[in-house]
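K.L.:
Before we start, here is the structure in question, set down as structure tokens.
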Amino acid sequence: MDHTSTLEQVIRGVLITCVLVFFLFPIFWIVLMSFQTNETILRIPPSIVFEPTLSNYSALITGRLESAAGNLDIAFMKNLWNSFFLSASSVLIALVLGIPAAYAFARFRFRLGEDIAFTLLSFRFAPPLLVLLPLSLYFKQLGLTNTYIGLIWVYQLICLPLILWIVRGYFEDISPDIEHAYRISGNSWLKTFWKIAVPLAKPGIAAAGLLAFIFAWNNFVFALILASADKQPVTVGALAFVTASGIQYGQIAAAIVLSIAPTLALALYAQRYLVEGLSLGAVKG
Amino acid sequence: MYEKEKGLFDAFVAGKLSRRELLAASAKLGISAAAGGMLLTQAQTRAMAAEFDWMAYKGTKLKLLLNKHPYADAMIANLQTFKDMTGMDVTYDVFPEDVYFDKVTAALSSGSSEYDAFMTGAYMTWTYGPAGWIADLNEYIKDPAKTNPTYNWDDVLPGLRASTAWNGVPGGELGSADAKQWCIPWGYELNNLSYNVKMFEKAGVQPPKNLDELVATAAKLTKDLGGPYGVGVRGSRSWATIHPGFLSGYSNFGQKDFSVADGKLTAAMNTAESKAFHKQWVQMIQESGPKNWSTYTWYQVGTDLGAGASAMIFDADILGYFMNGGDNKEKGNIGYAPFAANPKATAPTPNVWIWSLALSNFSGQKDAAWYFMQWASSVEHDLFGARKMDFVNPVRASVWKDEEFRGRIDKSYPGYLNQHDTSAPGAKIYFTAQPLFFDLTTQWAETLQKMVAKELPVDEGLDKLAANVDKQLKDAGLG
């Protein structure tokens, strides 16, 4: 039975509105900016009344940017594709490698097990630039410089520890008795893993995959150092609108809208799994 | 075929015809503007190829590392000319300026042979050169077998040639006889006033001629305009805050960053004259600068001028140039003026930023890459960029004399030629070349921020800065 008084409901509504305005206003403002020219964006004082234009989006999609310095070619859509390809491939590979590893760390005690798990986690602690310069020398020798394979490999530094540690926590929360019962029925260890453990851990796996995708999507420095301009992700590509001849605020806003759209859509779709997966994985019984 | 037309354009390129004569003769022959442009490019290519084997490296593939900049755009627009002339293939990576030097440093420090030549600033070569990452270009410029006879190196403005050459000795004079030419000037900017003509008319003021007038005019503009602030200068915690207007004004009083004696450096920013200059500069920002000055970089300074949020800037002339076009609100309202901060000085002494081309020592085809560099910095390409693109400021004296270029600038950017011509003789790098340049100059900017924020009195702040700098110089074996 609900005992909330009217006053409490009003206060709660006001507070929720305040929080929403605080967090969503920057995104709302960016969306508005994406439909304006530089001139209207930079009006003093700023105003939300303007004549909307699609020129920013058309510049991004067609790859032609008109600026004070004339027409410039931009490769934003290519950057967007690179981000998607690199993030999705990296997460897929990290899932394939990380889920069995997480299961092994959760269910079995073996020599140096904790040390290995911690070493994998420590990849998240290292400042990327510290790792990248030596890595670029190895990449050169191995012929991996400026290749998607090389980048996807390096992206495992982001994705693999996340997936391994989140999914491991989740596996640990699932009672092993269910698996034991299934094994007693004569099923193999591998079949138990596929038929029992993985389906039960699905929310956790989805949450870890989504988080890893977002982290990979937001990465900036790996491709910058290890690859050429044609393999740069959207995080580097968006900087092309900050030019010596001025900042193209409208195009930056449109680029932000386009670049957050995939992760936002994915996050909204998987929101239920995200909350459930993270909270269950985090609490040990 | 078209022998008469070809002869006409060949004569123009050889300097036997003036532009007016060329236009008149072209009209008589019924040559359209587009066809004329094509014929001119072909004539320039023939002229360059006449006495030099441009095809020596035919089939070679070069790769360049470029910054996203109008200079790179102008080169890319004309690149086919080079490919046709040499039979070489050229690819390039273009990176945004915000991350460009991270990319360059990573490529060079890892010994990558991916890029043959790249864009750089002169200050950066103070690190790249002594580290052995880039080649001394004197070996190429002075070798007639490698450099075409029409290259005319002496045509490059002398201050820029000197500013891109250093002997690698901390405190060594730029452009000294034993200096190595670490890069080739490509396009440059000097620092003067760019101002909003309408706002100046409204407030009834004239462009200031020295620092006293600048402080007073900026204060009057801030007071009278009721919204826009008086003067925009950079203020972020970066070496880039010191190098534009600030150092240009500072040098005009004969002040230096360091004293050099017996090969040792000593901080020189706490002299009485320096303290007086700093006090005026700090006062100017406090009274008439932007509210969040300490975050201001090139972008904010320029954007405010273009959007009508500031009445003038003391920064790169090309920043004012860009803000006079595009979709800026104040497009067409920007004027330009030379500025000598010291009332007793006879001319401005602007510090310069020079976008240059450097040759990677890790390139496996340096001779071929030098072919590209000499073409990209040739009179012909400089003229193409200056006339048809935004390749300003050109680095060659002959291009500054070109009627077509001057006509274009004078028409759309009134006062620009005057500010440049008045200042160019004194335009050069006024910093002392030394390996701690970026760290120490950033500390200078940090001290300036504290002075403007009234956290430190100017005298005390400069004494502390000098003591701190001297200690670091000693620790590094430079002082």
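K.L.:
Using 1/(1 + (r/R0)^6) with R0 = 41 angstrom and r between the beta carbons of B:Glu173 and B:Lys329, what's the FRET efficiency to the nearest 0.05?
P.N.:
0.40
K.L.:
Indicate the helices, whole DSSP H runs only, in chain A that combine a mean Kyte-Doolittle hydropathy of -0.5 or more with a Cα extent along their long axis of 27 angstrom or more.
P.N.:
What comes out of the filter, once short or polar helices are dropped, is A:6-33, A:76-107, A:148-173, A:249-269.
K.L.:
Moving to a separate point now. For A:229-238, what's the mean count of beta carbons from other chains sitting within 10 Å of each residue's beta carbon?
P.N.:
Neighbouring Cβ atoms belonging to other protein chains average 3 per residue here.
K.L.:
Full extension from B:Lys198 to B:Lys142: what is 0.36 nm times the residue separation minus their Cα-Cα distance, to one decimal in nm?
P.N.:
Full extension of this stretch gives 15.1 nm more.
K.L.:
Between the DSSP loop rule and a limit of at most 11 other Cβ atoms within 10 Å, which trypsin sites (Lys or Arg not before Pro) in the stretch B:116-161 are left? It would help to have the intermediate numbers written out before the result.
P.N.:
Working: sites: B:Lys142, B:Lys146, B:Arg161; in loops: B:Lys142, B:Lys146.
Passing sites in the stretch B:116-161 are B:Lys142.
K.L.:
Further question: Skipping prolines and chain starts, which residues have an amide H placed within reach, meaning under 5 Å, of the one on B:Tyr92, given they are 5 or more residues away or on another chain?
P.N.:
Answer set, sorted by chain and number: B:Leu64.
K.L.:
Can you compute 3J(HN,Hα) from phi for each residue in the stretch B:287-294, using the Karplus curve 6.51 cos²θ - 1.76 cosθ + 1.60 with θ = phi - 60°, rounded to whole Hz and x for Gly and Pro?
P.N.:
The phi angles translate into 7, 9, x, x, 4, 9, 3, 5 Hz.
K.L.:
Under the rule a/c < 1.5 gives rounded, and otherwise a/b versus b/c splits prolate from oblate, where does the stretch A:1-124 land using the Cα gyration tensor?
P.N.:
oblate
K.L.:
While we're here: Which of the three applies to chain B, rounded, prolate or oblate, going by the alpha-carbon gyration tensor with a ≥ b ≥ c and a/c under 1.5 meaning rounded?
P.N.:
Values: a/c = 2.21, a/b = 1.34, b/c = 1.64.
Cα axes put chain B in the oblate bin.
K.L.:
Now for a separate question. Near the amide H of B:Thr432, under 5 Å away, which other amide H atoms are found, from residues 5 or more places off or on another chain, if H is placed in the peptide plane?
P.N.:
Close amide H contacts, sequence-distant or interchain: B:Asp257, B:Phe258.
K.L.:
Now for a separate question. List B:Met199, B:Met373, B:Met389, B:Met312 from most exposed to least, where exposure is judged by having the fewest other Cβ atoms within 10 Å.
P.N.:
With the fewest neighbours first, B:Met199, B:Met373, B:Met389, B:Met312 line up as B:Met389, B:Met199, B:Met373, B:Met312.
K.L.:
A follow-up question, please. How far is it, in nm, from the label point at A:Tyr138 to the one at A:Arg124 when both lie 7 Å from their Cα along the line to the Cβ?
P.N.:
Calculated label separation equals 2.1 nm.
K.L.:
Please say if the stretch B:63-121 is rounded, prolate or oblate, where rounded means a/c under 1.5 for a ≥ b ≥ c the square roots of the C-alpha gyration tensor eigenvalues, and otherwise the choice is prolate for a/b larger than b/c and oblate otherwise?
P.N.:
oblate
K.L.:
While we're on this one: Take every DSSP beta bridge whose two residues both sit in the protein assembly as shown, then give the antiparallel share in percent to the nearest 5.
P.N.:
Restricted to the protein assembly as shown, the bridges split so that about 75 percent are antiparallel.
K.L.:
May I pose another question? Using a 10 Å cut-off on Cβ to Cβ distances, tally the other chain neighbours for every residue of B:93-101 and report the average as a whole number.
P.N.:
Mean partner-chain Cβ count within 10 Å for B:93-101: 6.
K.L.:
Please order B:Ser310, B:Ser109, B:Ser356, A:Ser175 by the number of other Cβ within 10 Å, starting at the fewest.
P.N.:
Ordered by Cβ neighbours within 10 Å, fewest first: A:Ser175, B:Ser109, B:Ser356, B:Ser310.
K.L.:
Roughly how crowded by other chains is peptide B:64-70, in terms of the mean Cβ count from those chains within 10 Å of each of its Cβ atoms?
P.N.:
Partner-chain Cβ atoms within 10 Å, mean over residues of B:64-70: 4.
K.L.:
Now for a different question. Could you tally the net charge around B:Glu287, taking each other residue with its Cβ under 15 Å from the Cβ of B:Glu287, Lys/Arg +1 and Asp/Glu -1? Each step should come with its number before you reach the end.
P.N.:
Working: positive: B:Lys220, B:Lys223, B:Lys279, B:Lys291, B:Lys454; negative: B:Asp212, B:Glu213, B:Asp224.
Net charge in that neighbourhood comes out at +2.
K.L.:
A 24 angstrom limit on the alpha carbon distance is what I want to check against. Which of B:Lys68/B:Lys142; B:Lys275/B:Lys450; B:Lys83/B:Lys146 exceed it?
P.N.:
Numbers: B:Lys68/B:Lys142 31 Å; B:Lys275/B:Lys450 14 Å; B:Lys83/B:Lys146 18 Å.
From the list (B:Lys68/B:Lys142; B:Lys275/B:Lys450; B:Lys83/B:Lys146), the Cα-Cα distance tops 24 Å for B:Lys68/B:Lys142.
K.L.:
Could you tell me how far the Cα centroid of the stretch B:239-259 sits from the Cα centroid of the stretch B:295-321, in Å?
P.N.:
Measuring centre to centre over Cα atoms gives 19 Å.
K.L.:
Can you give the angle from 0 to 90° between the axis of helix B:403-412 and the longest principal axis of chain B, with both taken from C-alpha atoms, to the nearest 10?
P.N.:
Helix B:403-412 sits at roughly 40 degrees to that axis.
K.L.:
Still on this structure, please answer the following. Amide H of B:Asn192 versus every other amide H placed in the peptide plane: which residues, excluding those fewer than 5 positions away on the same chain, fall under 5 Å?
P.N.:
B:Asp315, B:Asp317
K.L.:
Quick check on the exposure proxy: order B:Glu380, A:Glu8 from fewest to most C-beta atoms within 10 angstrom.
P.N.:
Values: B:Glu380 21, A:Glu8 10.
Ranked by crowding around the Cβ, least crowded first: A:Glu8, B:Glu380.
K.L.:
Which net charge results when you count Lys and Arg as +1 and Asp and Glu as -1 among the other residues whose beta-carbon is under 14 Å from that of B:Ile429?
P.N.:
Its environment carries a net charge of 0.
K.L.:
What spacing in nm lies between the two simple spin-label points modelled at B:Ala347 and B:Ser259, each 7 Å away from Cα in the Cβ direction?
P.N.:
2.8 nm
K.L.:
At a Förster radius of 25 Å, what calculated FRET efficiency corresponds to the Cβ-Cβ distance of B:Gln80 and A:Ile149, to the nearest 0.05?
P.N.:
E(calc), rounded to 0.05, equals 0.15.
K.L.:
I want to check the label-to-label distance for B:Lys471 and B:Ala397. Put each point 7 Å from Cα in the C-beta direction and report it in nm to one decimal.
P.N.:
4.8 nm
K.L.:
Right, next: Ratio of the protein assembly as shown's C-alpha Rg to 2.2 N^0.38 Å, to two decimals?
P.N.:
1.10
A short reminder: the numbers here are calculations on the coordinates, not readings from a lab. Everything numeric in this text was worked out from a predicted model, so none of it was measured. Neighbour counts are summed over all protein chains in view; Cβ atoms, including those assigned to glycine, are modelled from backbone coordinates with ideal geometry.
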